[in-house]
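Working notes for the structure below.
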Amino acid sequence: MKNHENASPVLEVQGLKQYFRVSRTYTVKAVEDVSFKIYPGETYGLVGESGSGKSTIGRSVIRLYEPTDGKITFAGKDISGKISKADNKTLRTQMQMIFQDPMASLNPRKKVEDILGEGLDIHHMYANRAERKAKIQAILAKVGLAPEHAARYPHQFSGGQRQRVGIARAMIMNPKLIIADECISALDVSIQAQVVNLMKDIQEETGSAYLFIAHDLSMVKYISDRIGVLHLGHLLETGTTEEIFSNPIHPYTRSLLSAIPSPNPIVEKTRISENYDYRTSGLDYTKGTDHLISGSHYVKCTDEELERFLKH
Amino acid sequence: MSEFLVNIEHERLSFFTPVGEVKALNDVSFHIKEGEVLGIVGESGSGKSVTAYSLMGLTAYPGKLLGGTLDFNGHRINDMTEKEMQKMRGNEVSIIFQDPMTSLNPVYTIGNQIREVLKLHTNKTKKEIQERAVELLELVGINEPKKRLKQYPHELSGGMRQRVMIAIALACEPKLLIADEPTTALDVTIQAQILELMMELKDKLGMAIMMITHDLGVVASMCDHIAVMYAGNIVEYGTTDDIFYRPKHEYTKGLIRSIPRMDTTEHERLIPIEGTPVDLLNPPKGCPFASRCDNCMRICLREKAPVIHFDDVHYSTCWMNQKAELEGGTKQ
């Protein structure tokens, strides 16, 4: 556990709402009143099923969408709504994104050195060619690729290596916050472990904060300091990784945890996955308020609902 | 006639691409009994899907079967014509693919696609076919089947689509169901539902299942036997307990170490398998896993390890199993 008592959060999201108007009568409410903070050097894991709004939050934070309502503060500055060109420019260097599919997110017609150097070129972050090259070589070494890989194209790499290039592209700007959107979901299990370890190592070295978006709770456990569970756009339960895993309160969190297949046949034969369906559960997310369970463990529900949860 | 439903022996298969011969399968042998669930585990490019596709005759150009025999349910796949193959596919053996959205036709209704299988493989009347389609959707746990039959794939959720795929696969009550990463594209909660459904249907219909996956958690509860594949070879084969509790190949051990465990409480580091998968264009001379193996010995780089049997079912190809003998040999 990291101590953040004196530090100010690198990212603060307050009451974020993100609606998409589909037609005159129908609006998709993708994100409903979500608030969380990320401190420097910390990893915040955002989990939930597909369609729960986790990617939307990531995109709102990096200003790909304009929030319907709410405030996003990054490094002490309000970045929701209109901001100046200069602010936008610094924001683009200090916040970076790693995407799910490394093949689709790397330009197939550019060499790795140009993919990595693009951000440096745009923001004039080097004095001469030699410095640019040195920066690229340094970042390649950091993500575990060889210097000769700089001259190759994305298709010449394996999936795990490509994701390393994706990480290098984000890291080269020395960002304060990295949004990793399902960045390991497309990789094999043994390679996932490599990438997760690499991201942890880099974090220790540089102190960047991560917003780690995933649907796979078992991997999130290994990388996150704190976790937020998202369902239908509502942040239902937040807490440290240990609080969530050892004492899940909300039935949705419990169903998520119980659904993970265990790689141990004896345990697996006795595992019972809890079913959860919002429509039949009788819960109303819109009426819920945050209830403190212990430490930093919050559950969003009404008073009566909490009583029901705790009886289990 | 053999006692096995599927019997593959010494299968070798290559893809002849413009850049060279990709040796996808090197001497793969295994068998499946009726009603058995076999899990095939391995990373992408290890040949697990190709093994399944070759059984259905789906590895056409530029793939070429170079050797070995494939027997399924009394057919010798090697000698079958395309016409005979078409009769067999969807009837005696069916397949479920990873992504249900791309394997369902977006411009036809669900009902259309289920009825198609029945029209091709049975002599049922139109009315009987319609009844069977409704029955199938009920079987896979879809509510309001009559309404669903008129809907298009995009109107259903991912889990529902996969259920429809299973319904199509089961239409003719096949002897063997091949499931190629059936849950990789789905959420954990939906994954649990689909796996439960598959096991339920297996007990009900008595078919054999070939479960292809890279997630060891998925195979732990389902499978009777597991084959671990690496670079076109089966490197270890055994019962589920053998593989999880008594792994003998270094790759299997690494694979088990690298999965995140839910029973640990503290922040631990994962233990990945370092390195990158082998290039099947120029496979190494010795053990294919040697370059990523922590306990690699000199002999691993030189020669392929022989198959070592530990009991009737459990076998593995790893020099580590003969380490004691080898060391004893060099001392003399």
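The values are calculated or read from the model by the stated rules, or taken from the named source; none is laboratory data. What you are looking at is a predicted structure, and each value in this text was computed from that prediction instead of being measured. A quick note on method: Cβ atoms are made from the backbone with ideal geometry, for glycine too, and the neighbour counts reach across all protein chains shown. All accessible areas refer to the heavy atoms of the entire protein, side chains included, with ligands and DNA or RNA removed. Shrake-Rupley method; radii C 1.70, N 1.55, O 1.52, S 1.80 Å.
Is the C-alpha gyration tensor of the protein assembly as shown telling us rounded, prolate or oblate? Criteria: a/c under 1.5 is rounded; beyond that, a/b larger than b/c is prolate, otherwise oblate. Cα axes put the protein assembly as shown in the oblate bin. Using a simple spin-label model with pseudo-atoms 7 Å out from Cα toward Cβ, A:Thr90 and A:Thr289 lie 3.7 nm apart. When nucleic acids and ligands are ignored and a 1.4 Å probe is applied, A:Arg308 ends up with an accessible area of around 110 Å².
Can you tell me the orientation of helix B:126-139 relative to chain B, as the angle in degrees between its alpha-carbon axis and the longest Cα principal axis, to the nearest 10? It works out to around 50 degrees.
Cross-link partners for B:Lys124 among the lysines, with Cα-Cα distance under 27 Å and sequence neighbours closer than 8 places in the same chain left out: B:Lys83, B:Lys87, B:Lys146, B:Lys147, B:Lys150, B:Lys175, B:Lys202, B:Lys204.
Computed from backbone phi, the HN-Hα couplings of the stretch B:74-79 come to x, 9, 9, 4, 4, 9 Hz, rounded to whole numbers (Karplus: 6.51 cos²θ - 1.76 cosθ + 1.60, θ = phi - 60°; Gly and Pro given as x). Rolling a 1.4 Å probe over the protein heavy atoms of the stretch B:216-322, with every protein chain left in place, gives an accessible area that is 50 percent carbon and sulfur. Note that the stretch A:149-165 has calculated 3J(HN,Hα) couplings of 5, 4, 8, 9, 9, x, 5, 8, 10, 7, x, x, 5, 4, 5, 5, 5 Hz, one per residue in order, obtained from phi through the Karplus relation 6.51 cos²θ - 1.76 cosθ + 1.60 (θ = phi - 60°); glycine and proline are x. Accessible surface for B:Cys318 stands near 10 Å², nearest 10, in the context of the full protein assembly shown (1.4 Å probe). List the relative contact order of chain B as a percent without decimals, with contacts defined as Cα pairs under 8 Å and 6+ residues apart. Reported as a whole number, the value is 20 percent. Give me the 1.4 Å probe accessible area per residue for the protein assembly as shown, excluding ligands and nucleic acids, in Å². That works out to 46 Å² per residue. Per residue of peptide B:216-222, the mean number of Cβ atoms on other chains within 10 Å of the residue Cβ is 6. By the rule of a C-alpha distance below 26 Å, with chain neighbours fewer than 8 residues away ignored, the lysines paired with A:Lys133 are A:Lys89, A:Lys110, A:Lys111, A:Lys142, A:Lys176, A:Lys200. Chain B packed on chain A takes about 3500 Å² of accessible surface away from a 1.4 Å probe, both sides summed.
B:Ile234 exposes around 20 Å² of accessible area when a 1.4 Å probe is run over every protein chain in place.
Checking the a/c ratio against 1.5 first, then a/b against b/c, what shape does the Cα gyration tensor give for chain A? It comes out prolate by the Cα gyration axes. Please report the spacing between the Cα centers of the stretch A:252-312 and the stretch A:178-243 in Å, no decimals. Here the two parts' Cα centres lie 20 Å apart. Accessible surface ranking for A:His250, B:His31, 1.4 angstrom probe, highest first: B:His31, A:His250. Under 5 Å between amide hydrogens, built in the peptide plane, is the criterion, and for B:Gly47 it picks out B:Gly232 among residues at least 5 positions away or on other chains. Only counting protein heavy atoms at a 1.4 Å probe, give the residues of the stretch A:213-247, ordered by number, whose accessible area falls by 40 Å² or more when the other protein chains are present relative to the chain alone. The answer is A:His215, A:Lys221, A:Tyr222 - residues whose exposure falls by at least 40 Å² when every protein chain is included.
With the Cα gyration tensor of chain B giving a ≥ b ≥ c as the square roots of its eigenvalues, does the rule (a/c under 1.5 for rounded; else a/b larger than b/c for prolate; else oblate) give rounded, prolate or oblate? Judged from the Cα gyration tensor, chain B comes out prolate (a/c at least 1.5, a/b above b/c).
Cross-link partners of B:Lys323 among lysines, defined as those whose alpha carbon lies under 16 angstrom from its own and excluding same-chain residues fewer than eight positions apart: B:Lys248, B:Lys304, B:Lys331. For the stretch B:57-195, averaging the sequence separation of C-alpha pairs within contact (under 8 Å, six or more residues apart) and dividing by the residue count gives a relative contact order of 34 percent. Peptide B:188-197 shows a mean partner chain C-beta count of 5 within 10 Å per residue C-beta.
Round to the nearest 10 and give me the degree value, 0 to 90, for the angle of helix A:85-94's Cα axis relative to the longest principal axis of chain A. For helix A:85-94, the angle is close to 80 degrees. GNM on chain B, alpha-carbon springs under 10 angstrom: the most fluctuating residue among B:Val37, B:Val278, B:Val313 is B:Val313. For the peptides A:39-49, A:117-127, the ranking by packing is A:39-49, A:117-127, with the highest mean count of neighbouring Cβ atoms within 10 Å listed first.
If contacts are Cα pairs under 8 angstrom and at least 6 residues apart, what is the relative contact order of chain A in percent? The value is 21 percent.
Given the C-alpha centroids of the stretch B:205-261 and the stretch B:74-129, what is the distance between them in whole angstrom? Answer, in whole Å: 29. FRET efficiency for the pair A:Lys133 and A:Tyr278, taken as 1/(1 + (r/R0)^6) with r the Cβ-Cβ distance and R0 = 51 Å, rounds to 0.40. Between B:Ile178 and B:Ser94, B:Ile95, B:Ile96, B:Met210, the built amide H atoms are under 5 Å apart, and every one of these is 5 or more places off in sequence or on another chain.
Largest to smallest in accessible area, the residues B:Tyr53, A:Tyr222 fall in the order B:Tyr53, A:Tyr222 (1.4 Å probe, all protein chains included). Distance from the alpha carbon centroid of the stretch B:269-328 to that of the stretch A:123-155 works out to 35 angstrom. Where does helix A:129-142 land angle-wise versus the long Cα axis of chain A, in degrees 0 to 90, nearest 10? With both axes taken from Cα atoms, the answer is about 40 degrees. In plain terms, the chain from B:Lys204 to B:Glu138 could stretch by 22.4 nm, reckoned as 0.36 nm per residue minus the Cα-Cα distance.
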